[in-house]
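As structure tokens, the structure follows; a few thoughts come after it.
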Amino acid sequence: MSVTTTTQHRQSFGDLLASEWVKIRSVRSTILTLLITAILTIGISSLGAWAIAANWNHVGPAHRLAFDPTSRSLSGVLLGQLALGVLGILVFTAEVATGTISATFTAAASRSKVLLAKIVMFAIVAVIVGEIVSFASFFAGQALLSGTTPTASLGGTNVLRAVAGTGLYMALLALFALGLGVIVRHTAGAITTFVALVLVLPLLVTALPTSLANDINKFLPFTIGQTMMSVHSQPDTFSAWLGLGLLAIYTILVLLIANWRLTSRDA
């Protein structure tokens, strides 16, 4: 009786999407993490723009020539990407920590569909949040730079690509973090792994011989993000869109491994 009842009430994929949306908008930590993402990204970006505007008279000719107002106004992405990545991890590990993931798996036809619903719903949220904070950072930064330093507009060469692409970069990295959360299944462990890959690994690579460091560096997510934020071509890196495509491949691979881990072990 109980088995029949459970089977009859197993959720469709639409039900799973609706369930994931309810979880995202009703959990306090989700709203808090989204606010932290916005505050860190827009706040640090604005602070960086204000700092360069206040000290522009002391900036040397070489630095003035290389100054990129678009990249400067997006500098807060360095921390904002971590906050959005943490949210991606919590999308799965929070359910593991509370034990509700078992009920979710029981109610669904397959674990792969549960994961796909989480990916789809979180991707929508991550893209919207990434684009909002990216464009807001850009406009706030240009307003602070205006009057003292060179500024940029969305109609400038590669500016729209840099701003919109940075939002996509943040979303892809957050989905990458979601995959890590499923693989590691522990919040602290997944966050440590994510921070190590995004921020610590680039520092370790700098200790290598220059030629080897350059060869490795262009494959790292941090470098891909820096390239996307700039309107100028960066030496020893892939082009902005090629780099974003590479990050998309990383994300797909991590999510495929996450699905394999999810379907090959108990909840």
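If you check A103, A108, A117, A123, which single one turns out to be open to solvent by 10 Å² or more (accessible area, probe 1.4 Å), in contact (Cβ under 8 Å) with a residue 12 or more places away in the chain and small (G, A, S)? Can you show your working first?
Values: A103 fails: in contact (Cβ under 8 Å) with a residue 12 or more places away in the chain; A108 fails: open to solvent by 10 Å² or more (accessible area, probe 1.4 Å); A117 fails: open to solvent by 10 Å² or more (accessible area, probe 1.4 Å).
Going through A103, A108, A117, A123 in turn, just one is open to solvent by 10 Å² or more (accessible area, probe 1.4 Å), in contact (Cβ under 8 Å) with a residue 12 or more places away in the chain and small (G, A, S): A123.
Entry remark, the stretch 76-90: residues being touching a Ser or Thr at 6+ places or on another chain (Cβ under 8 Å), in contact (Cβ under 8 Å) with a residue 40 or more places away in the chain and open to solvent by 20 Å² or more (accessible area, probe 1.4 Å) number 2 in total.
Of all the listed residues (L212, L201), the sole one being under 25 Å from G88 (Cα atoms) and in a helix (DSSP H, G or I) is L201. Contact map, the stretch 56-71: residues that are outside any helix (DSSP H, G or I) paired with residues that are open to solvent by 70 Å² or more (accessible area, probe 1.4 Å), Cβ distance under 9 Å, separation 6+ or inter-chain. Pairs shown: D68/H232.
Which count do you get for residues in the stretch 106-121 that are among the hydrophobic types (A, V, I, L, M, F, W, C) and at pLDDT below 85?
Within the stretch 106-121, the subset among the hydrophobic types (A, V, I, L, M, F, W, C) is 107-109, 114-117, 119-121.
Now restrict to residues that are at pLDDT below 85: 107-109.
Summing the residues that are among the hydrophobic types (A, V, I, L, M, F, W, C) and at pLDDT below 85 in the stretch 106-121 gives 3.
For every residue, the table says whether it meets (1) aromatic (F, W, Y); (2) modelled with pLDDT of 90 or more; (3) out of contact with any helix residue (DSSP H, G or I) (no Cβ under 6 Å at 6 or more places or on another chain).
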{"site": "L201", "(1), (2), (3)": "no, yes, yes"}
{"site": "A213", "(1), (2), (3)": "no, yes, no"}
{"site": "Q226", "(1), (2), (3)": "no, yes, yes"}
{"site": "M229", "(1), (2), (3)": "no, yes, no"}
{"site": "Q234", "(1), (2), (3)": "no, no, no"}
{"site": "F238", "(1), (2), (3)": "yes, yes, yes"}
{"site": "W241", "(1), (2), (3)": "yes, yes, yes"}
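Assessment of the stretch 171-189 against the conditions (part of a helix (DSSP H, G or I) and among the aromatic types (F, W, Y)) yields at least one matching residue. Scanning for something in contact with a Ser or Thr (Cβ under 8 Å, 6 or more places away or on another chain), in a helix (DSSP H, G or I) and among the polar types (S, T, N, Q), does the stretch 22-37 turn up at least one residue? There is no residue in the stretch 22-37 that is in contact with a Ser or Thr (Cβ under 8 Å, 6 or more places away or on another chain), in a helix (DSSP H, G or I) and among the polar types (S, T, N, Q).
Pull up the stretch 36-75, narrow it to residues that are surrounded by fewer than 15 Cβ atoms within 10 Å (Cβ to Cβ) and small (G, A, S), then point me to the one that is nearest to T227 (Cα to Cα). It comes out as A66.
Tally time: how many residues in the stretch 176-209 are loosely packed, with under 15 Cβ neighbours inside 10 Å and over 17 Å from L87 (Cβ atoms)? Counting residues in the stretch 176-209 that are loosely packed, with under 15 Cβ neighbours inside 10 Å and over 17 Å from L87 (Cβ atoms) gives 8.
Tally the residues that are open to solvent by 70 Å² or more (accessible area, probe 1.4 Å), under 22 Å from E131 (Cα atoms) and either at pLDDT below 80 or touching a helix residue (DSSP H, G or I) at 6+ places or on another chain (Cβ under 6 Å) (or both), restricting the search to the stretch 1-35. Going through the stretch 1-35 one residue at a time, the tally reaches 1. When T93, T41 are screened for being in a helix (DSSP H, G or I), touching a Leu at 6+ places or on another chain (Cβ under 9 Å) and among the polar types (S, T, N, Q), only T41 passes. Of T251, T227, all but one fail to be assigned to a helix (DSSP H, G or I) and within 22 Å of S112 (Cα to Cα); the exception is T251.
The values are calculated or read from the model by the stated rules, or taken from the named source; none is laboratory data. What you are looking at is a predicted structure, and each value in this text was computed from that prediction instead of being measured. Reconstructed Cβ throughout: ideal geometry from the backbone, glycine too, with neighbour counts over all protein chains shown. Remember, those area values only see protein heavy atoms, side chains included, never the ligands or the DNA or RNA. Shrake-Rupley method; radii C 1.70, N 1.55, O 1.52, S 1.80 Å.
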